[in-house]
1. What's the carbon and sulfur percent of segment 63-187's accessible surface, probe 1.4 angstrom, rounded to a whole number?
2. Tell me, in nm to one decimal, what length is gained between Arg181 and Glu99 on full extension, where the rule is 0.36 nm per residue of separation less the Cα-Cα distance?
3. Compute the signed sum of charges (Lys and Arg +1, Asp and Glu -1) over the other residues within less than 10 Å, Cβ to Cβ, of Ser92.
Amino acid sequence: MYQNPGPGNYAHAQGRVFEVEAQIAAAEHGRGNIILEPDGPYRFRRGVLVTLLTIPLAAALAAIFGLASPTAGAATAPFAILIAFSLFARASDRFPVQEHGFGVAAGLGIVTMIIAAAISYPYSLFLTYLYDGGTGGILSSGFARFFATWVDANVVLIIISITIVTVVSVVILLRKARWARSFSVPD
């Protein structure tokens, strides 16, 4: 019969004992946490350069999902932070992202998130304007009237979607920070 590996199970408790023993052994060798040694050198500059790819990737996500609706395009904006952290970690050969790299990935992710959310509404509404028979470019007066009318009619929708995007982004950043801190070795 299968036993549930819950908190009260013997196997679960035995696993905890092994974890504690491993941490004691690590502390005896002068290490406070069990952290794998990096395979290669830290490549900070390469991490920053590859993280810049977050900008076109997030813009593409906002454009693709913006075809459905302006709100769907803006909803993909928090993925910019996840993309930035993933790209920096892979390119710099450090996982999780810590110290200066955390600031770079968080900063580029936030800036890219703001750009993606900001382009999502005009892009999607311009496509709607063209499909409805509008003429002119994105800077034309006809589109400006169409955009202003849509924004005036949907202020609550815009505020709610931007609030949700901000809350999700803050949660992602806090989780990444907590995860990075859990891997740091105390002095």
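1. In segment 63-187, the share of accessible area belonging to carbon and sulfur is 71 percent.
2. The Arg181-Glu99 span can extend by a further 28.6 nm.
3. Surrounding charge for Ser92 is +4.
The values are calculated or read from the model by the stated rules, or taken from the named source; none is laboratory data. This structure is a prediction, so every number in the text was calculated from the model and none was measured. Every residue, glycine as well, gets a Cβ built from its backbone with ideal geometry; the counts of neighbours run over all protein chains shown. What goes into the accessible areas is simple: the full protein's heavy atoms, side chains included, and nothing from ligands, DNA or RNA. Shrake-Rupley method; radii C 1.70, N 1.55, O 1.52, S 1.80 Å.
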